[in-house]
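Below is one structure, written out as structure tokens; the observations come after it.
The values are calculated or read from the model by the stated rules, or taken from the named source; none is laboratory data. Since the model is a prediction, treat every value here as computed from it, not as a measurement. For neighbour counting, all protein chains shown are included, and Cβ atoms are generated from backbone atoms with ideal geometry for every residue, glycine included. For accessibility, only protein heavy atoms count, side chains too; no ligands or nucleic acids. Shrake-Rupley method; radii C 1.70, N 1.55, O 1.52, S 1.80 Å.
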Amino acid sequence: MKGGIRSSKTHLWHMVLTLAALQCPGLHALVVRRHLDKLKTTAFRFNLFNPNNPHNWQKMGVVEKYWTDPMEVLFKNGSFIQYDGTFQDGREDETKFGGTDYGLIIIEEATEVGEKVFDFLVGRLSQVNPPDVPRKLLLAFNPPLRSHWLHQRFAHLEPKVVNPVTFEYEENPEVMAEYSARKKPPNQRLITFDIEHNRENLPSGFIEGLEQSYREDEARKYLRGEWGVLKGGAAVHKEYVEHLHCGKMEMLANPRFPLLIGWDAHAIGLYIGVVWAQFVGPQIKVLASRLYKVGEEGSAKQIIKSVFRETAQKYRSHSHSSILHFGDPIMSVKEKINMISLVDILEGEGVDFQGGTVSHVERREALANLLESFPGGIPAIVFNPGPETQHLREGMQGGYCYPEKDGYVVRESPVKNPYSHEPEALHYIITGLDVLDWKKNVAQYRKEEESSRAKGTWMGA
């Protein structure tokens, strides 16, 4: 269930949970969110006794007993509802739900929850008695970005037409044709709720007031429930145009040219942004990008090692010696406790690290010049379509931005957020390259390639 604010998502899943608990005595249900304390202030109280919920369980008189620590509710008919968070001991841990069978699971604010948790919980829908339990998992969320796993897993299910009055919708014909070919009924649905669906339960003029105060991108996300990028300020790269700079077909790595990897991170930062690219002829081809979160995905050292593993898997045609690494010079700053820097870790993996330009202005202009250049009628820089570069492209469209107030840029350094790292990793590739020397290096590379191919090396295999 995807929808904007005040679009009745929570009320709908509350009714689904309530009916299932009443109709299937002995149901074991789970309501889960990333952080347990937020679940208490929202879902637990809303379900149990919120006066704004006309169907709260206390008012209905269906509760036998409830506990607040841990948060659990026992119905008079034996149905049992458990509330829990996925975040534990500084990380998300899906295995904490192991060993328990559920007949219904609801994930509140599913954008906060990782895909591994979702997949694990699907495997816990195994309650056998009573035999008529729903065995369903409901996701409720505000629309995330197109790079989010929820979009990648469920966007293709989006109905083509939804009637805001009757809630009737037209199924996506392509999806229905796929199910028909498999001769299996569809077992997943994606329903989008517009705030209009809940108009009768909102104060007069409430929606109109929001429409007047929200920007267009905010209205699409928060009122209409559409996927997309929220404008956080003035786009750093207003020169980026999605339909011009995003390729129409998938680009594969060319084994005749070195692979370029850009890194952006801070010695004590939470994120590490990585970009894989190539310079082929007059064009930079951005093949893939990835944002890693330190802590959730391991230590910085573990993340760096995983980048090398992913690179080896994706780009088998490129040996260690045919990969060049560029990055933020500040990555050479040593962490005070362990006295080791990210560059030290990279060099420990045999990397000859090349720092890019420190100045943000110079880096921004270098990429801007490429974005505005079309040699021979083709863009000087092009991005792979699809999920491999989705998050980076969302950053280029405005997620990577300058702080703005009343339409004016208030600072000439960009906002540091999850969108800033991948574009800056790309900056370091571009400014780390000396194009004149690069052309000479490519010519030498091709010459050595021809020689090595004759000797039966990896290039000739």
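Here region 272-305 is the region considered, the condition is being polar (S, T, N, Q) and closer than 18 Å to residue 389 by Cα, and the residue that is farthest from the chain's Cα centre (by Cα) is 283. For region 21-41, which positions are open to solvent by 10 Å² or more (accessible area, probe 1.4 Å), assigned to a helix (DSSP H, G or I) and either touching an Asp or Glu at 6+ places or on another chain (Cβ under 6 Å) or not charged (D, E, K, R) (or both)? Listed by number, the residues that qualify are 22, 23, 36, 41. Residue-level check: of (1) more than 23 Å from residue 103 (Cβ to Cβ); (2) without any contact (Cβ under 8 Å) to a residue 60 or more places away in the chain, residue 14 misses just (1).
Checking residue 78 against (1) under 23 Å from residue 140 (Cα atoms); (2) in a loop (DSSP other than H, G, I, E, B); (3) at pLDDT 95 or above, which test does it fail? Every listed condition holds for residue 78 apart from (1).
Considering only residues of region 275-301 that are over 23 Å from residue 244 (Cα atoms) and part of a strand (DSSP E or B), which is most open to solvent (accessible area, probe 1.4 Å)? It would help to see each step written out before you state the result.
Looking only at region 275-301, we keep the residues that are over 23 Å from residue 244 (Cα atoms), and these are 291-301.
Filter again for part of a strand (DSSP E or B), leaving 291-293, 295, 298.
Details: 291: 37, 292: 4, 293: 63, 295: 43, 298: 18 Å².
The extreme case among them is 293.
On the stretch given as region 45-64, residues that are in contact with a Phe, Trp or Tyr (Cβ under 9 Å, 6 or more places away or on another chain) and closer than 20 Å to residue 25 by Cα total 9. Number of residues in region 112-140 that are closer than 30 Å to residue 384 by Cβ and either of a type in the set (Lys, Arg) or open to solvent by less than 40 Å² (accessible area, probe 1.4 Å) (or both) equals 6. In the set (1) buried (at least 20 other Cβ atoms within 10 Å of the Cβ); (2) within 21 Å of residue 20 (Cβ to Cβ), residue 143 fails one condition alone, (2). Selection of region 226-251 for residues being at pLDDT below 80 and not hydrophobic (A, V, I, L, M, F, W, C) yields 226, 228, 231, 232, 233. The residue of region 186-201 that is modelled with the lowest pLDDT, among those that are within 10 Å of residue 7 (Cα to Cα) and surrounded by 14 or more Cβ atoms within 10 Å (Cβ to Cβ), is 197.
Just one of the listed residues (44, 120, 87) is under 30 Å from residue 296 (Cβ atoms) and in contact with a Gly (Cβ under 9 Å, 6 or more places away or on another chain), namely 120.
Can you say whether residue 130 is touching a residue at least 12 places away in the same chain (Cβ under 8 Å), touching a Lys or Arg at 6+ places or on another chain (Cβ under 7 Å) and assigned to a loop (DSSP other than H, G, I, E, B), as far as the supplied structure shows? When the stated conditions are applied, residue 130 does not pass them. Only residues that are open to solvent by less than 10 Å² (accessible area, probe 1.4 Å), among the hydrophobic types (A, V, I, L, M, F, W, C), part of a helix (DSSP H, G or I) and in contact with a Ser or Thr (Cβ under 9 Å, 6 or more places away or on another chain) were counted in region 356-395, giving 2. Pairs linking a residue in region 398-426 that is part of a helix (DSSP H, G or I) to a residue that is modelled with pLDDT under 85, with Cβ atoms under 6 Å and 6 or more positions apart or on different chains, are 398/229; 398/231; 399/229.
Restricting attention to region 327-337 and to residues that are open to solvent by less than 30 Å² (accessible area, probe 1.4 Å) and out of contact with any Ser or Thr (no Cβ under 8 Å at 6 or more places or on another chain), the residue that is modelled with the highest pLDDT turns out to be 327.
Answer yes if at least one residue in region 94-109 is more than 26 Å from residue 155 (Cα to Cα), assigned to a strand (DSSP E or B), at pLDDT 90 or above and acidic (Asp, Glu), and no otherwise. Within region 94-109 (the criterion being more than 26 Å from residue 155 (Cα to Cα), assigned to a strand (DSSP E or B), at pLDDT 90 or above and acidic (Asp, Glu)), the answer is no, since none of the residues qualifies. Among the hydroxyl-bearing types (Ser, Thr, Tyr), open to solvent by 40 Å² or more (accessible area, probe 1.4 Å) and at pLDDT 85 or above, is that true of residue 420? Against the criterion (among the hydroxyl-bearing types (Ser, Thr, Tyr), open to solvent by 40 Å² or more (accessible area, probe 1.4 Å) and at pLDDT 85 or above), residue 420 does not qualify.
Any idea which residue in region 110-127 is nearest to residue 21 (Cα to Cα), counting only those that are assigned to a loop (DSSP other than H, G, I, E, B) and of a type in the set (S, T, N, Q)? Break it down into steps so the answer makes sense when it comes.
Going through region 110-127, the residues assigned to a loop (DSSP other than H, G, I, E, B) turn out to be 113-114, 123-127.
Narrowing further to those that are of a type in the set (S, T, N, Q): 126-127.
Numbers: 126: 16, 127: 13 Å.
Among those that are assigned to a loop (DSSP other than H, G, I, E, B) and of a type in the set (S, T, N, Q), it is 127.
Listed by first and then second residue, the pairs with beta-carbon distance under 9 Å, at least 6 apart or on different chains, first residue in region 240-251 and under 11 Å from residue 379 (Cα atoms), second among the charged types (D, E, K, R) and in a loop (DSSP other than H, G, I, E, B), are 245/239. Take the residues in region 338-355 that are surrounded by fewer than 16 Cβ atoms within 10 Å (Cβ to Cβ) and hydrophobic (A, V, I, L, M, F, W, C), then tell me which one is modelled with the highest pLDDT. Here the residue is 340.
Only a single item in (1) without any contact (Cβ under 8 Å) to a residue 24 or more places away in the chain; (2) in contact with a helix residue (DSSP H, G or I) (Cβ under 8 Å, 6 or more places away or on another chain); (3) under 21 Å from residue 28 (Cβ atoms) is not met by residue 71, and it is number (1).
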